[in-house]
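Participant: I am attaching a structure below and will ask some questions about it afterwards.
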Amino acid sequence: MNTNNAIWLGAIFIIISIIYTGCSYFKKDNETDIKYKNYVEARAVIDEKMPVRITRYGAKQARYNITIIAANGEKISRFNCELGGEYNEKDTITVYYDPTNADSEVKTSRP
């Protein structure tokens, strides 16, 4: 009888864990969609390549000062952006950003 109770208790614990994990996953997906819903595609020019920053884990991350050229021709400067690639000054790249939020993260791939 004691073994049977332990099996049932284990099964219930596993089922609750699976349900909790699934709910957490779908909630995270929804938060990401909300965060990036206003992002638009734009061209950007690399103005300056900043010195490489080495993280405490040893990864080397290049940072850039860029000028985003919006669809209406407006130029928006962003500083100290980590774009996740190797670019040179005056390179033109495609970026994604939130024009309604000046502090939004700049991405090089569609979020």
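Participant: Would you tally the residues in the range 51-75 being exposed (fewer than 10 other Cβ atoms within 10 Å of the Cβ) and under 23 Å from residue 39 (Cα atoms)?
Facilitator: Residues flagged as exposed (fewer than 10 other Cβ atoms within 10 Å of the Cβ) and under 23 Å from residue 39 (Cα atoms) within the range 51-75 amount to 2.
Participant: Another one. Output yes when any residue across the range 76-94 is surrounded by 10 or more Cβ atoms within 10 Å (Cβ to Cβ), free of Cβ contacts under 8 Å to residues at least 40 places away in the same chain and at positive phi, and no when none is.
Facilitator: Checking the range 76-94: at least one residue is surrounded by 10 or more Cβ atoms within 10 Å (Cβ to Cβ), free of Cβ contacts under 8 Å to residues at least 40 places away in the same chain and at positive phi.
Quick grid of which residues meet (1) in contact with a Cys (Cβ under 8 Å, 6 or more places away or on another chain); (2) over 20 Å from residue 109 (Cβ atoms); (3) modelled with pLDDT under 85:
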{"site": "1", "(1), (2), (3)": "no, yes, yes"}
{"site": "32", "(1), (2), (3)": "no, no, yes"}
{"site": "53", "(1), (2), (3)": "no, yes, yes"}
{"site": "66", "(1), (2), (3)": "yes, no, no"}
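Participant: Could you check the range 63-111 and list, in sequence order, the residues that are acidic (Asp, Glu) and closer than 17 Å to residue 51 by Cβ?
Facilitator: Of everything in the range 63-111, those that are acidic (Asp, Glu) and closer than 17 Å to residue 51 by Cβ turn out to be 82, 86, 89.
The values are calculated or read from the model by the stated rules, or taken from the named source; none is laboratory data. Remember, it's a predicted structure, so these values are computed and weren't measured experimentally. Here Cβ is always computed from backbone atoms with ideal geometry, including for glycine, and neighbour counts include all displayed protein chains.
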